[in-house]
Amino acid sequence: MKNNILLLFSTLLILYFVGEIFIRIFFPQDLQRYWVINEKKFGLSVNKSNYTHNLHIFKNHKAKYRFGEYHNRITLEKNLNNKDSILILGDSFTFGWLLNDKHTFIHKLQKKKMNYNFINVAVGAWGSSHYTLFTELYCKKIKPKKILVFMNTDDMYRGYNSGFYKIEKNKLFVKKVNYVDMTKDSKLDRTIPFYKFMKSTSHLFMFTRNLVYDLKNEPFYNPWSSEEYWPRPIAKYDREYGKKVKQFNEIIFLRLKSISDECGAELNIFFNNWVLPEDMIDENPNKQFLLYKKTFFKENNINFFENRLMMADLYKDPMKYIIDIDFHPNEKGADLLYKSFLKDINKILK
């Protein structure tokens, strides 16, 4: 009986190690926690500083990310710390979600302008309030010569909904928000023996865990295939809500301009036209601001650029430029953004 138990245990152990090796080679899993944390003063989401995330994986897309001291993604081996800094702000498109370094559009712009140090602090799901607050917290430390904001189609709603700024009597006040601390152990980590250890060490365990999750949950649908236009394809709001979003963001961008001026940095706003504002449904909370954006920035002496004409190919065949099921720009999409921004970047940084 004892020999049978030992034989069974040995067989299971061998099968586990064989399975672990097989999964590590052919289906590697991301064993690290998310690379984004919350700074303590206000709860703003930022990339971890001085950190390397070895594997971000989705379907057949794999990427590695490296971060510097300012929570910035680093895509060059060369040290440019002795060059004038350009602070880059934006969301996951600007970050380069699921793209390796050489394919991100910020890396390609950096390669064209090696006499500057592009500090890309973009974070997935950031909006207008996020990059305004980051500038408020870090601008004087980074001391950029110029600030480039790559504004995406959902940034106005995200900024309004974030809770970082509160308006009272037409004045803006910053406040701390409640957030889920992604660095803390989950309930399963605390209650199941060795669960946390296995998550951080075993590719086979994570493969099985993720497989069970996928079987229990409906797959994410591609927003471009929906009849309702991305961004925010499901959520609908009335026009009064859109008006509040518009008014809030007018104050936010004036705050960003003021902070940039105090920091001695020239502010430049880019809109990527990934979705044309006039094609958004009327209930889209971003639409009212986006339709008026050019006039607003001009009236307030804020440098504004958009790439609308250069994005024509995207509207003809969007699936060619996005990661399937995920919707972020793929390599072709990032290259399209790079080419569409290059001319104006050359003017700004000549």
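Nothing in this text is a laboratory measurement; each read-out follows from the coordinates by a stated rule. Predicted model, so just to flag it, every value in this text is computed and none were measured. No Cβ is skipped: glycine too gets one built from the backbone with ideal geometry, and neighbour counts run over all protein chains shown.
Placing unit charges on the Cβ atoms of the charged side chains and taking the dipole of segment 98-154 about its Cα centre, the candidate lying farthest along the positive direction among Leu98, Leu109, Phe134 is Leu109. Cross-linked pairs Lys243/Lys298; Lys41/Lys257; Lys146/Lys166; Lys62/Lys111; Lys146/Lys316: Cα-Cα separations exceed 30 Å for Lys146/Lys316. When only Cα pairs below 8 angstrom with a gap of at least 6 residues are kept, segment 14-55 shows a relative contact order of 33 percent. Within the chain, the whole DSSP H helices whose Cα atoms reach 30 Å or more along their own axis and whose mean Kyte-Doolittle score is at least 0.5 are 2-26. Taking only the alpha carbons of segment 230-350, we obtain Rg and Dmax values of 15.9, 44 Å in that order.
Computed per residue of the chain from DSSP H runs no shorter than four, each worth -39500 (n - 2.57), the mean residue ellipticity at 222 nm is -13000 deg cm²/dmol.
When all alpha carbon pairs of segment 44-93 are counted in 5 Å bins from zero, the resulting P(r) reads 5, 15, 24, 27, 17, 8, 3, 1 %.
Using only Cα coordinates, the Kirkwood hydrodynamic radius of segment 47-136 works out to 13.4 Å. Its Cα centre serving as origin, segment 253-350 has a Cβ charge dipole (Lys and Arg +1, Asp and Glu -1) of approximately 420 debye. Here the ratio of the Cα radius of gyration of the chain to 2.2 N^0.38 Å is 1.11. Sorted on the mean count of surrounding Cβ atoms within 10 Å across their residues, most packed first, peptides 136-143, 171-178, 93-100 read 93-100, 136-143, 171-178. Extension gain for Val212 to Asn4 (0.36 nm times residue separation, less C-alpha to C-alpha distance): 71.8 nm.
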